[in-house]
Ligand SMILES: [Zn+2]
Ligand SMILES: [Zn+2]
């Protein structure tokens, strides 16, 4: 039997009976050493000695109760657990050795123990594996990064399978700013088998909507992305997230969105601090504004956040919308952002993904709210902007070798 510490990264009710759960796990032995030493893991390199894996499982509602300390109350994103894996058993899970590997190993879970955050172990683990040692960035430093980019002409949504990756671009489709840098992972990594080669011609900063890996995994494949500035939300994180944060911090490229600011306006739009509790709901949303004649083409990029947890958008009307959470359903989220008359909605997901995104429920809700011009990333990279009918620009990288050619508008 092997013992691991697991950070619960994603938890979704697939249908009324079955849960999908993804953990970021590390061997207990390795992590115990780190917890003992209690050094600053952002500057010291101790964390590099700790392996981290993905562990994904589907679990029936009734089975949840069989695990001694798990209940609907204790299964929560951002929590830590102790997980025991065996070679045989009843409850199967798939372990992925690395983020670019879609050949998982089947394991069996014999027990999952909830680590109460109020216990000394709970406190220790969530403070050692965290962003606590890094200060919030100043509003000024973030505004400077954002106002450094040229005025954009269009928005792009890239086909990265079951994940999210968007950019605001110049008229040729060259990214000036990325919003998320993700792609399909784990059981959905096959939806992102052709990894993109990204464009950094204009030194675009990367905004991270939230810390779920399907929103940053491309940083694992394209190392150049580590040399640009990242603006990230302060959230609970696991070992693999900490490793990314450390790489960025050591390069001087990690900027933490200041928690006390509800929004950060800049020349091409506004960052908004989401107000929910879960990882999906407590990150950053982006409103992009592209000047067009005497008006603006306004697009909402919510990441995976429920619309009701994004302040300011209630009374706004949008031309463009990236459907939240890949079109995943949020049963209690009834209010859809208001659409302007000529509009575009984009669904970013991977074909036949394990979550059944986009859900019919979500598509219907958006349609009923008059979001009726739909584009799906499964058909290729997308652009949207004020001139719907304009020709799609060629070679975003001005003939340098990226794979971001736009396919549809
Ligand atoms: Zn996502
Ligand atoms: Zn998410």
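Take the chain, connect every pair of alpha-carbon atoms lying under 10 Å apart with a spring to form a Gaussian network, then pick out the residue of 167, 339, 323 with the largest mean-square fluctuation. Greatest mean-square fluctuation among the candidates belongs to 339.
Counting only DSSP beta bridges whose two residues both lie in the chain, roughly 80 percent are antiparallel. With a simple spin-label model that places each label point 7 Å from the Cα along the Cα-to-Cβ direction, the separation between residue 341 and residue 405 comes to 3.7 nm. Between 276, 163, 303, the Gaussian network model of the chain with springs among Cα atoms under 10 angstrom shows the greatest mean-square fluctuation at 276.
With the simple model of a label 7 Å out from the Cα in the direction of the Cβ, residue 98 to residue 197 spans 1.9 nm.
With a Förster radius of 25 Å applied to the C-beta separation of residue 17 and residue 76, the computed FRET efficiency comes to 0.80.
Separation of the range 333-363 from the range 201-249 is 25 Å, based on Cα centroids.
Extension gain for residue 316 to residue 294 (0.36 nm times residue separation, less C-alpha to C-alpha distance): 6.2 nm. Full extension of the chain segment joining residue 39 with residue 190 gains 50.6 nm, where the gain is 0.36 nm per residue of separation less the Cα-Cα distance.
Angle of helix 239-250 to the longest C-alpha principal axis of the chain, folded into 0 to 90 degrees and rounded to 10: 60°.
GNM on the chain, alpha-carbon springs under 10 angstrom: the most fluctuating residue among 180, 170, 24 is 170. Net length available on complete extension from residue 277 to residue 84 is 66.7 nm, with 0.36 nm assigned per residue and the Cα-Cα distance removed. Applying D = kT/(6 pi eta Rh) to the chain, where Rh is the Kirkwood radius over alpha-carbon pairs, T corresponds to 20 °C and eta to 1.002 mPa s, the Stokes-Einstein value obtained is 99 µm²/s. Calculate the FRET efficiency for residue 150 and residue 49 from the Cβ-Cβ distance with a Förster distance of 41 Å, rounded to the nearest 0.05. E(calc), rounded to 0.05, equals 0.45.
Every number here is computed from the coordinates shown, using simple stated rules; none is lab data. Everything quoted here is computed from the prediction, not taken from an experiment. Cβ atoms come from the backbone with ideal geometry, glycine included; neighbour counts cover every protein chain shown.
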